[in-house]
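Please read the structure below before turning to the comments.
The values are calculated or read from the model by the stated rules, or taken from the named source; none is laboratory data. Quick caveat: nothing in here was measured; it's all calculated off a predicted structure. Glycine also receives a Cβ, built like all others from the backbone with ideal geometry; neighbour counts cover every protein chain displayed. Just the protein is used for accessible areas: all its heavy atoms, side chains included, with ligands, DNA and RNA removed. Shrake-Rupley method; radii C 1.70, N 1.55, O 1.52, S 1.80 Å.
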Amino acid sequence: MNRQKLKKLGLELPLFPVTSVGSFPKTDAVVRARGEFRRGKINAEQLTEIEREATAFWIRKQEELGIDVLVDGEQYRGDMVAYFAERLPGFTNGGLVRSYGNRYYHKPIVTGEVKWTEPLTVEWWRYAQGLTKKPVKGMLTGPYTIMDWSFNEHYPDRKATCMALAGVIRSEVEALIATGCKIIQVDEPALSVRPEELPVAIEAMHRVTDGLNAYFITHACYGAFDLIYPGMLELPVDNFDLEMSNSGLDLLELFRRHRFTKDISFGVVDVHSHVLEEPATVRQRVEQALTVVPKDQLWIDPDCGLKTRTVEEAIAKLRRCVEAAKAFRN
Amino acid sequence: MTLTLAHSGSYPRIGDSAELQLLRRTIAGFDRGERSAADLAEAENQMTRLAIEEQAAAGLDVVTDGQIRWNDPVSYLAGKLAGVRINGLLRLYDTNFYFRQPVIESRLQRQGELAVSDLQFAREALAAACKGKPGSRQVKPVLTGPYTLAHLSLAQAEELKALEPRVEAYAEALAAEIGALADAGAETVQIDEPSILLHPGDWQIFARAVGRLSAARDEARKRGRKIGLLLYVYFHDCAPIYSKLAALPIDGLGLDFTYNRKLADAVVESGSPIPLALGLVDGRNTKLEQPAEVAREISRMLPRIAGDSAWLGPSCGLEYLPRDRARAKLQLLGEIRSAVEGR
Ligand SMILES: [Zn+2]
């Protein structure tokens with residue numbers, strides 16, 4: 001594990017650190033407030049106040065559960081790309097496109113040079129970290145994913161768009177580090193959509209992380225990892241946070257064929273299912289993980305963000321993660 | 001030399017105005033039990049009419065029904081076949097769109113028409129859009145091909161667990177549908193096979209399935225029908241298997257030029273023994289192409305294409321764009337043709 005790097009950053013984490021991927025379900029108060037805000041019944045400050053309370057709730061919950069590396073729960077974010085696109089010069093909000101069934105979203109359009117002019121997530125990180133002594137991760141969406149999930153009318157091609165966004169995300173990383181953030185997650189769920197573009201994603205991540213002093217994690221999910229493994233290990237991060245349980249741990253087969261060289265945040269509970277895993281099931285998954293990575297490299301978390309679960313389901317699933325870690329520490 | 005403007009499949013089923021939210025609202029109401037199946041069908045009809053009107057208004061010679069009724073390119077057809085259950089969501093290739101995956105549980109069989117009634121509705125809508133004078137304009141039915149359907153399906157039925165029998169089973173069902181579409185007067189039918197670009201190693205299985213479909217076309221022609229078989233590939237680089245695709249027993253080949261700028265070179269170099277549908281207008285990005293630039297590419301390729309004839313269309317269906325941009329892309333097709341013709 002990059003224990004040495006963590007130590008140098010002043011972070012002493014237990015064996016099998018427990019974390020989560022990023023989003024938690026919006027609390028009832030936030031859901032209500034967002035509706036009222038849309039209907040003009042409350043203003044932006046009132047909404048923010050409720051989001052801050054919900055963030056404090058989730059920080060408290062994570063501490064109570066015994067989670068080691070916390071997240072702010074993203075109570076104030078909607079879509080993981082739109083959050084950034086709405087705040088960055090160079091983006092225009094596009095019309096509606098369908099994502100599946102009867103679900104539509106506004107897909108952003110890059111219409112000019114994308115620029116970082118001010119911090120996008122730093123205030124929320126500072127607030128969340130101020131509520132706890134445990135480390136809180138900085139949470140960003142990666143340049144390749146923002147590129148892939150947007151239209152581009154400005155840059156000559158996908159790579160140029162991606163590299164411009166990498167510069168923007170690097171500025172945000174620098175701002176987080178300057179504020180004291182030591183563990184930063186740069187999510188790339190789109191990593192495997194075009195396997196032939198993996199080198200672009202890697203080059204972009206170099207631009208985001210090279211020479212910067214933080215422990216970097218990247219999260220990827222619903223991927224065709226068989227098409228980008230082991231090449232994806234070239235991504236310059238310390239830790240891969242991967243959806244494992246939803247696919248019946250079939251990635252392990254790949255890791256047996258070619259050694260997994262990074263730290264891994266191993267998804268031990270399925271976020272797409274209402275069903276709460278039995279403790280024994282979760283322990284078996286950890287055991288399986290230990291057949292492919294040394295214990296020093298293993299972190300434990302849910303497969304993906306928990307925002308589609310209910311608050312109770314999310315807490316129950318997180319508890320399973322903590323229980324499993326404790327069982328293996330003893 | 002002829003350049004025909006032809007759409008390539010889907011069209012947005014929504015727009016930003018309240019009127020264009022009709023289908024979305026009706027589906028939501030239907031799910032809450034507040035709207036009937038008849039309301040839903042009428043909303044689909046209305047959005048289909050609008051999709052056809054917008055294509056006609058943009059001057060397209062060959063329109064589709066916009067696939068407004070299709071939940072996705074896979075489950076709409078597979079769900080109409082006996083022996084298939086529709087399962088959870090999966091990402092469709094490298095898009096940010098999700099389809100429902102079919103699971104084949106028992107013998108897969110066509111139990112009724114798949115696209116004939118849609119064709120009939122679309123024809124009437126086209127005639128209405130053209131004030132009763134569609135002239136030479138035609139509606140082109142679109143079917144997802146057997147290889148792609150099989151590739152994106154799971155099988156629980158033991159005998160269909162291997163890819164090849166699964167492809168054959170779908171090919172059999174689609175062959176019957178091609179016959180039915182021919183009998184209903186379809187002049188062409190578009191078969192979408194994007195999966196073959198990602199898995200060229202399955203070529204033999206794929207080519208046999210295309211052979212089955214072209215046999216159905218030949219049988220229909222023996223009955224005096226006019227039908228032509230068009231194969232469309234997109235969502236990946238077509239260049240590596242371009243020559244093999246162009247040699248298939250089909251009447252036209254639709255190509256996506258957006259993944260590899262050198263595809264046009266390959267066409268110029270090898271030529272084409274069959275007419276091509278040139279997907280030079282990007283159906284996946286909002287940026288509007290420069291008509292003069294696209295026209296140059298077309299002028300380079302046209303003399304190398306059999307019969308000097310080609311269709312011009314978007315690189316794939318237009319559902320991946322917001323409606324205003326989809327409409328702008330259709331308009332662009334006419335501007336490009338004018339540029340090619342030096343007007
Ligand atoms: Zn995820």
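List of remarks:
- Accessible area of region B:250-343 belonging to carbon and sulfur atoms, whole % at 1.4 Å probe: 45
- Share of carbon and sulfur in the accessible area of region A:236-330 stands at 49%, probe radius 1.4 Å.
- Percent accessible area from carbon and sulfur atoms, region B:62-182, protein chains only, probe 1.4 Å: 50
- 43 Å tail of the calculated P(r), the protein assembly as shown, as % of Cα pairs: 28
- For B:TYR76, the accessible surface of its heavy atoms amounts to roughly 30 Å² (probe 1.4 Å, protein chains only, rounded to the nearest 10).
- Sequence of A:MET80, A:MET244 when ordered by accessible area, the most exposed leading, probe 1.4 angstrom: A:MET80, A:MET244
- Computed from protein heavy atoms with a 1.4 Å probe, the total accessible area buried between A and B is close to 2400 Å².
- Cut-off 11 Å between beta-carbons: net charge of the residues surrounding A:GLU86, Lys and Arg +1, Asp and Glu -1: +1
- What separates the Cα centres of region A:67-103 and region B:91-143 is a distance of 33 Å.
- Of all the options B:GLY88, B:GLY252, B:GLY79, the one that moves most in a Gaussian network model of chain B with Cα springs shorter than 10 angstrom is B:GLY88.
- Per residue, in Å², the accessible surface of chain B once ligands and nucleic acids are set aside, probe 1.4 Å: 38
- Probe 1.4 Å, protein heavy atoms only - accessible area per residue of region A:1-153 in square angstrom: 43
- Computed from backbone phi, the HN-Hα couplings of region A:100-110 come to 5, x, 9, 9, 10, 8, 8, 8, x, 10, 7 Hz, rounded to whole numbers (Karplus: 6.51 cos²θ - 1.76 cosθ + 1.60, θ = phi - 60°; Gly and Pro given as x).
- Reduced Cα scattering model of region A:93-162, Debye log10 I(q)/I(0), q = 0.15, 0.21, 0.25, 0.29 Å⁻¹: -0.71, -0.96, -1.09, -1.26
- Fraction of beta bridges assigned by DSSP in region B:2-340 that are antiparallel (%, nearest 5): 20
- Proximal charge balance of A:ILE315 [Cβ under 11 Å; K/R count +1, D/E count -1]: +2
- Those residues of region A:176-203 for which accessible area with every protein chain present is at least 40 Å² below the isolated value (1.4 Å probe): A:VAL193, A:ARG194
- Normalised by residue number, the volume inside the convex hull of the Cα atoms of region B:2-340 is 131 Å³ per residue.
- Probe 1.4 Å - accessible area at A:GLU287, Å² to nearest ten: 110
- 5 angstrom amide H check on A:VAL18, placed H, neighbours 5+ away: A:ASP68, A:VAL69, A:ILE300
- Positive dipole terminus of region B:2-340, leading residue within B:TYR98, B:GLY79, B:LEU332 (C-beta point charges): B:LEU332
- Each part gets one Cα centre, and for region A:215-265 versus region B:253-321 those centres are 38 Å apart.
- Heavy atoms of A:GLU277 accessible to a 1.4 Å probe, total area in Å² rounded to 10: 20
- Burial of accessible area (probe 1.4 Å, heavy atoms of protein chains only) in region B:12-31, relative to its chain alone, reaches at least 50 Å² for B:ILE14, B:ARG24.
- Charge dipole (debye, nearest 20) of region B:2-340; +1 at Cβ of Lys and Arg, -1 at Cβ of Asp and Glu: 300
- 1.4 Å probe, heavy atoms, protein only - residues of region B:83-117 losing at least 30 Å² accessible area vs chain alone: B:LEU89, B:ARG91, B:ASP94, B:ASN96, B:PHE97, B:TYR98
- Translational D in µm²/s for region A:157-242 (Stokes-Einstein at 25 °C, 0.890 mPa s, Kirkwood Rh from C-alpha pairs): 187
- Out-of-range pairs (alpha-carbon distance over 25 Å; input A:LYS182/A:LYS262; A:LYS107/A:LYS262; A:LYS26/A:LYS159): A:LYS107/A:LYS262; A:LYS26/A:LYS159
- Equivalent ellipsoid semi-axes, region B:64-111, via Cα gyration tensor eigenvalues times 5, rooted, Å: 20, 15, 7
- Its relative contact order, with pairs defined as Cα atoms under 8 Å and 6+ residues apart, puts chain A at 20 percent.
- With a cut-off of 15 Å between beta carbons, the residues surrounding B:ASP237 carry a summed charge of -2, where Lys and Arg count +1 and Asp and Glu -1.
- Dividing the summed helix terms, -39500 (n - 2.57) for each DSSP H run of n ≥ 4, by the number of residues in the protein assembly as shown produces a 222 nm estimate of -12500 deg cm²/dmol to the nearest 500.
- Largest accessible area first, the residues B:MET1, A:MET147 order themselves as B:MET1, A:MET147 under a 1.4 Å probe with ligands, DNA and RNA left out.
- Where Rh is the Kirkwood radius over Cα pairs, Rg/Rh for chain A: 0.94
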